[in-house]
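Report on one structure; see the data block that follows.
What follows is calculated from the coordinates using simple rules that are stated; it is not laboratory data. Everything numeric in this text was worked out from a predicted model, so none of it was measured. Glycine also receives a Cβ, built like all others from the backbone with ideal geometry; neighbour counts cover every protein chain displayed.
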Amino acid sequence: MTSMCRVMSVSTTGFYDWCSRPESNRSQEDRALKADIPAIHEKHRQRYGERRIKDDLAEQGKNVSRQPISRLMKEEGIVCKIRRKFKAITDSCHNKPVLITC
């Protein structure tokens, strides 16, 4: 362990102090959100982005801003499906007769 501390230029007492330190509040919240975000994302067929996930979490009583949700989605590789815009593909410039059906 001491050779690794030398390579990383960290004191051994600092390393062992870091190992025994309790988990921070942010990492605890992140761990809880990392379980909730993919569940909501899959529940809504991968169509929910950070805004809708934020609203869904607010309905569950978890008040979280968009920035942590966005950061955790990037870390987990979660991307929402994008709805394609309608594009008319009919060729209206032709000399053929138009069939009218009623």
Helical mean residue ellipticity (222 nm; -39500 (n - 2.57) per DSSP H run of 4+; nearest 500) of the chain: -16500 deg cm²/dmol
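Explain nothing, just the number: relative contact order of the chain, from Cα pairs under 8 Å at least 6 residues apart, as a whole percent. Intermediate values should be presented prior to the final figure.
Working: 47 pairs, mean separation 21.2, N = 102.
Here the relative contact order equals 21 percent.
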Can you list the trypsin sites (Lys or Arg not before Pro) in the range 66-100 that are in a DSSP coil and have 12 or fewer other beta carbons within 10 angstrom? K81, R83, R84, K85, K87
Give me the extension gain from S65 to R52: residue separation times 0.36 nm, minus the current Cα-Cα distance, reported in nm with one decimal. 3.5 nm
Once you charge only the Cβ atoms, +1 for Lys and Arg and -1 for Asp and Glu, what is the size of the charge dipole of the chain about its Cα centre, to the nearest 20 debye? 600 debye
Rough spin-label spacing in nm, given labels placed 7 Å along Cα→Cβ, for M8 and V98: 7.3 nm
Just subtract the alpha-carbon distance of R26 and A39 from 0.36 nm times their residue separation and send over the number in nm, one decimal. 2.7 nm
